[in-house]
């Protein structure tokens, strides 16, 4: 996957990617990617299967570190730090395929998303906000995550990511109906109720191109 910085970016960049290259063994998956994500924005990566969209998100979150190039978040380089520290800085990643903890309950999954936080009252507020947006999760809160439907697990994965109160949310292929019908309402409520005070809430998502 190749990229260059878009000329339309004018706002202050929350995330700055400059010339990153990422490898799987000897295979170069990302070839000099550069990208700015402005504060308070929704940015979408478009491309065919295998273009490197998932790898880009994994590289930002530290799961698949970049071999070269730099990644800055809120002015701090993050391309050489561990994924758990990146989460603490304010980046949450919803991976493709949901990846919930199937042997934990819905509530336990959501609380796992807040493991970096110590403010118990605010954690409770965030939990209630997620329940307000996804009422089915409140109904299923004592149910094992592995018994949920695919759509409910997707809601749970997004809700879990929001429990860390991220400044930047990485979404790997959110479902088509969620993008079409819920994104505006979702981001509006998230920015007000879950987004942190330190920076405007924004999102970087991966979207496959349709055949």
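Data for the structure
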item: Residues in segment 69-84 that a label on residue 104 would reach, taking backbone N under 19 Å of a point 7 Å out along Cα→Cβ; result: 83-84
item: Gained length - residue 82 relative to residue 139, 0.36 nm times residue gap less alpha-carbon distance; result: 17.0 nm
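Read-outs throughout are calculated quantities, based only on the coordinates presented, and are distinct from any laboratory measurement. Bear in mind the structure is a predicted one, so any value in this text is a computation, not a measurement. Cβ: placed from backbone, ideal geometry, glycine included. Neighbour counts: every protein chain shown.
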